[in-house]
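Read-outs throughout are calculated quantities, based only on the coordinates presented, and are distinct from any laboratory measurement. Remember, predicted model here, so these are calculated numbers, not experimental data. As a convention, Cβ positions derive from the backbone with ideal geometry for all residues, glycine included, and neighbour counts pool all protein chains shown.
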């Protein structure tokens, strides 16, 4: 955009010089074009300090105003070289506005004191000031034809130029000429100064007229500043920037040239035989000498500071080296592991090899620490570290990450097979009892194995994450074993995280819904006796999820309590709405924790107006091994007294006991689908299920067969005396609105 703007302004400049009669219009367009470029750039790029750029735009507006006033005085009112005039008053306003905007940029760009940059700017400005003094200010003051006021106005222009040169030099030395914007601002100030100097010389030695070559400097000023505003780098001029620690050639060369200005001027005046400015040159030379000395002092101090920092960094490196070891076990620590792992992954990536690691966790360390004390726990950690260090191969890096967690980074060139072999060996080694304080202590270890191929992604963090997922899977397998990372473990972890996060809002957002599967009488004509309520989660991204996808997670996080209460209330209300014979609701063991479940059931029945005998509460056999078993026993007996029916779900798959059937007086047994699937083909399944039905009938308990999918299964169940069945033979679970239609189809008596 800046280049297109410059080209556009170039065309107007050609038009300005080609058609003198249109000077007033074309010059105004050129000036206001620069203003528009700055304003547009501020609105588009939104710098941190827009007021700095608006001051620059204001400076250009005053310069355009001065030009327009001057052109009106000469072209419209016929004045010949009006000086001083109202145009000069407007012109001179340009300098404080521009200096103000540039000073804001200096403060923003270099918020901390930078004496070196300040001295560099003073050296450059002093050299320019000497030239202006010798060749502009002194001849102007010496001109006897001018009044004191004309001299004062004439001197004000070079003084304004010196002010802008000083501020711009400070801006450039503060952060360097990084980016087009700062370079364009510098070019603009140089162009403005060049035209002002040309104007002053013409005023001294000739007659000024509009449209001369001297106008090009002002054109450069407008175009450069407008292009600077349109450059994306304009935002950097109000952002802090670090000064270069070492002086570069582009910094040293201008300073060297500036230092030669005073002797050069002195030599020229000496050759002319007129040392009229000798005292001024002497003062400037002395100032330059002192400034250079000060600059050298600051450079030497900066060098010492850099040396001190280098020494400090060396000490830090030494301290880090000492900090690479775990003080308890003497193994490496997490920092050591991270650095070695990053290097190993880089080499594996460059050479096409493999980086492999093992993540080790002592399964029952907490019990040892809690029962035998921290001293024994520390002894166990030391002994475990020694066994791990003794079992690894030469070149492998064993470390203790913290607590009871260890890791091994395998040496370069290790394969996944080598990693799994080492995992097997460590499981065996760590399974041998430790003798601590004279007594054997049994310990087991779970290990996760990960390698850089297969999803490690080339970073230590991802490799470690994958090993951690494999370790989690090993613990889920029963502990005391090892697992290798597979991408499916990561996908499962992501889904668990997404579901865990979604569960927090799903109930409030109304994303859960209930579907109902009919329970059909087997003896006699088919009739729908009731429905089992099955929860579904209509996830906004994953679609409709079955209970197996999220109920275990809700039980793990404790969210099953409010979700289960919602299921109970909704199912009871829907039973009334749908005219169900009864409704069966699955209850998690966690819902019995802390008591209060019976009150929840009672409130749900009272609010819906459903008779207690039309509600069946289904529990699984895991409730008998749960921490809430005692609470569950009390609540189930209370529900029975209330009139609510109690069913044991998935009977025969877990820890079934006839004692539970006798003591808790279950009303319903739900025969698991795994038995029903094989009753036609497998005689053992058929005999076992027939025995369950016979025992239940003897005890006065109703049997519901789950997962009935074929007519052969239905007929065999009917023959053995099973009372009810449910499954896809009749209907899958459907929303409440479809239950009436399903019931009609089933009860048509089409042979089912």
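List of remarks:
- Whole-angstrom gap from segment 543-565 to segment 2-50, using each part's C-alpha centre: 66
- Cα→Cβ-extended label distance, 7 Å offset, between residue 738 and residue 709, nm: 1.8
- Cβ-Cβ distance of residue 511 and residue 745, R₀ of 25 Å, FRET efficiency by 1/(1 + (r/R0)^6): the value works out to about 0.30.
- FRET efficiency for the pair residue 461 and residue 43, taken as 1/(1 + (r/R0)^6) with r the Cβ-Cβ distance and R0 = 51 Å, rounds to 0.75.
- Spin-label model, residue 674 to residue 613: label points 7 Å out along the Cα-to-beta-carbon direction sit 3.5 nm apart.
- Acute angle (nearest 10 degrees) that the helix 416-431 long axis makes with the longest principal axis of the chain, alpha-carbon atoms: 60
- FRET E, pair residue 290, residue 178, Förster distance 35 Å, beta-carbon r, rounded to 0.05: 0.75
- Sequence ranges 602-613, 470-481, 575-586, ranked by mean other-Cβ count within 10 angstrom, highest first: 575-586, 470-481, 602-613
- With a simple spin-label model that places each label point 7 Å from the Cα along the Cα-to-Cβ direction, the separation between residue 642 and residue 325 comes to 6.6 nm.
- Two-decimal log10 I(q)/I(0) for segment 1-132, as the Debye equation yields it once each C-alpha is a single scatterer, q = 0.13, 0.15 Å⁻¹: -0.75, -0.93
- As an equivalent ellipsoid, segment 2-238 spans semi-axes of 29, 23, 14 angstrom, where each value is the square root of five times an eigenvalue of the C-alpha gyration tensor, largest first.
- Mean separation of Cα contacts under 8 Å, 6 or more apart, over the residue count of the chain: relative contact order %: 8
- For the chain, the longest principal axis of the Cα atoms and the long axis of helix 374-391 meet at an angle of about 80 degrees.
- Cα long-axis angle, helix 261-272 against the chain (0 to 90 degrees, to the nearest 10): 20
- Annotation: peptides 224-234, 680-690, 711-721, ranked by per-residue average of other Cβ atoms within 10 Å with the highest first, follow the order 224-234, 711-721, 680-690.
- Calculated mean residue ellipticity at 222 nm for the chain: -20000 deg cm²/dmol, from DSSP H runs with n ≥ 4 weighted as -39500 (n - 2.57), summed, divided by the residue count and rounded to 500.
- Arranged from fewest to most other beta-carbon atoms within 10 Å of their beta carbon, 452, 446 become 452, 446.
- Neighbour-count order for 570, 459, fewest beta carbons within 10 angstrom listed first: 459, 570
- Within the chain, antiparallel bridges make up roughly 60 percent of the DSSP beta bridges whose residues both belong there.
- Applying 0.36 nm per residue to the separation of residue 335 and residue 548 and subtracting their alpha-carbon distance, the gain on full extension is 72.6 nm.
- Extension gain (nm, one decimal) between residue 297 and residue 315, 0.36 nm per residue minus Cα-Cα: 3.8 nm
- Between residue 405 and residue 688, residue separation times 0.36 nm minus the direct Cα-Cα distance comes to 97.1 nm.
- Relative contact order computed over segment 506-746 (Cα-Cα under 8 Å; 6+ residues apart), in percent: 21
- Cα centroid separation - segment 693-720 against segment 504-526, whole Å: 22
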